[in-house]
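Asks: Please see the structure below; I have some questions.
The values are calculated or read from the model by the stated rules, or taken from the named source; none is laboratory data. Remember, predicted model here, so these are calculated numbers, not experimental data. We place every Cβ from the backbone using ideal geometry, glycine too, and count neighbours over all the protein chains shown. Just the protein is used for accessible areas: all its heavy atoms, side chains included, with ligands, DNA and RNA removed. Shrake-Rupley method; radii C 1.70, N 1.55, O 1.52, S 1.80 Å.
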Amino acid sequence: MEILDGKKISNQIKDEITVEVDKMKKKGEKVPHLAAVLVGNDGASLTYVGSKVKSCERVGFESTLVKLPSTTSELELLNKIEELNKDENIDGFIVQLPLPEQINEQKVLMAIDPDKDVDGFHPTNFGKMALDMSTFIPATPFGILELLERYNVETKGKHTVVIGRSHIVGRPMSILMGRKGFPGNSTVTLTHSHTKNITQITSQADIIITALGQPNYLKAEMVKDDVVVIDVGITRVPDEDAPRGYKITGDVDFENVSKKASYITPVPGGVGPMTIAMLLKNTLLARERHRARNGQ
Ligand code: GUN
């Protein structure tokens, strides 16, 4: 069994990005600038956005954190997005999800300029991804592809089972694993809450990608020997012994499933850090495209 070490690979990617940023600086070019919009005080979202902004510093990007109160109206958020769309200084931005219930998520994602949509959530970018066109690939699926590629995990002709059909992970992952090329060329099954006999499906899988948010859902009895397991779950489970009063738990019963797996991602230290590294990669790409559009 080999650990797919997202922490290590994400640090390599950040080092590679730092080299690119240093080259930009030497040439006197503008460095990439990412903005992140956070509405409300959700603890997990605060942590994620904080990590995204901190990672910008680490690679030499500029960053802006826009914090709005949980009472923000949809119109106020749409106005902020319009401001960011027009701001020549900002190369890319994200609106952290989930949003408070008074705000329509679809309307918000549609309002983001696709050229600045480094999350790849706008229908234009999502459609381009499905059609194999150059675009921003959503950071978590992009990070999973990168992990599979850097560990040279064979995906061609394999049966990939994706658990969960969220717009952020499961749905795009199911599309990407079936695309031509590497990683890809898999035969994909997308399972969800209405799937019957899920164990029958997972026990035939060569590769399992779980994005469910149910701690320890995937058990050893549900997988075959030598399976590749990618755990996207990051649920906070109360734990009195942990310094913060909780521990981050994945969807996979790691202790037992890892004994059967050929490759497996840990939680934490697997997919999570890769998401941030790929957001930075998309922001670097956004800067390069921005310069190509307006010459600076
Ligand atoms: N919430 C959970 N994951 C993500 C993500 O990748 N991007 C944004 N914007 N919100 C999220």
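Asks: Before we move on, is I276 out of contact with any Cys (no Cβ under 9 Å at 6 or more places or on another chain) and in a strand (DSSP E or B)? So that I can check it myself, show each step before the final result.
Replies: Working: out of contact with any Cys (no Cβ under 9 Å at 6 or more places or on another chain): yes; in a strand (DSSP E or B): no.
No; evaluated as a whole, the condition is false for this residue.
Asks: Out of everything in segment 10-46 that is part of a helix (DSSP H, G or I) and either touching a strand residue (DSSP E or B) at 6+ places or on another chain (Cβ under 8 Å) or modelled with pLDDT under 95 (or both), what residue ends up being most open to solvent (accessible area, probe 1.4 Å)?
Replies: Top of the filtered list is L46.
Asks: Further question on the same structure: Within segment 149-159, can one find any residue that is within 16 Å of the ligand (Cβ to nearest atom) and out of contact with any Cys (no Cβ under 8 Å at 6 or more places or on another chain)?
Replies: Going residue by residue through segment 149-159, those that are within 16 Å of the ligand (Cβ to nearest atom) are none.
No - not one qualifying residue is present in segment 149-159.
Asks: Further question: Which of (1) open to solvent by 80 Å² or more (accessible area, probe 1.4 Å); (2) within 13 Å of the ligand (Cβ to nearest atom); (3) not β-branched (V, I, T) is the odd one out, the single condition K107 does not satisfy?
Replies: Of everything listed in (1) open to solvent by 80 Å² or more (accessible area, probe 1.4 Å); (2) within 13 Å of the ligand (Cβ to nearest atom); (3) not β-branched (V, I, T), K107 misses just condition (2).
Asks: Of all the residues that make up segment 214-251, how many are touching a Gly at 6+ places or on another chain (Cβ under 9 Å) and either charged (D, E, K, R) or crowded, with 16+ Cβ neighbours inside 10 Å (or both)?
Replies: 16
Asks: Mind checking which residues of segment 96-117 are touching a Lys or Arg at 6+ places or on another chain (Cβ under 9 Å) and touching a residue at least 40 places away in the same chain (Cβ under 8 Å)?
Replies: The answer is Q96, D115.
Asks: In segment 210-228, which residues are in a strand (DSSP E or B) and either out of contact with any Ser or Thr (no Cβ under 7 Å at 6 or more places or on another chain) or free of Cβ contacts under 8 Å to residues at least 12 places away in the same chain (or both)?
Replies: Scanning segment 210-228 gives a single hit, T210.
Asks: A further question on this structure: For D132, are the conditions met, namely being on the phi > 0 side of the Ramachandran plot and under 20 Å from the mean Cα position of the chain (by Cα)?
Replies: yes
The rows are residues; the columns are (1) open to solvent by 10 Å² or more (accessible area, probe 1.4 Å); (2) among the aromatic types (F, W, Y).
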| position | (1), (2) |
| --- | --- |
| Y151 | yes, yes |
| I168 | yes, no |
| L176 | no, no |
| G181 | yes, no |
| G184 | no, no |
| T187 | yes, no |
| S193 | yes, no |
| I198 | yes, no |
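Asks: Need pairs with beta-carbon distance below 7 Å; first residue at negative phi and polar (S, T, N, Q) and within segment 54-83, second in a loop (DSSP other than H, G, I, E, B) and open to solvent by 50 Å² or more (accessible area, probe 1.4 Å); sequence gap 6+ or separate chains.
Replies: Final answer for the pair search is S70/N41; S73/Q102.
Asks: Now for a separate question. Looking at L84, L65, L97, can you tell me which residue is open to solvent by 30 Å² or more (accessible area, probe 1.4 Å) and closer than 23 Å to A139 by Cα?
Replies: Numbers: L84 fails: open to solvent by 30 Å² or more (accessible area, probe 1.4 Å); L97 fails: open to solvent by 30 Å² or more (accessible area, probe 1.4 Å).
Answer to the check: L65.
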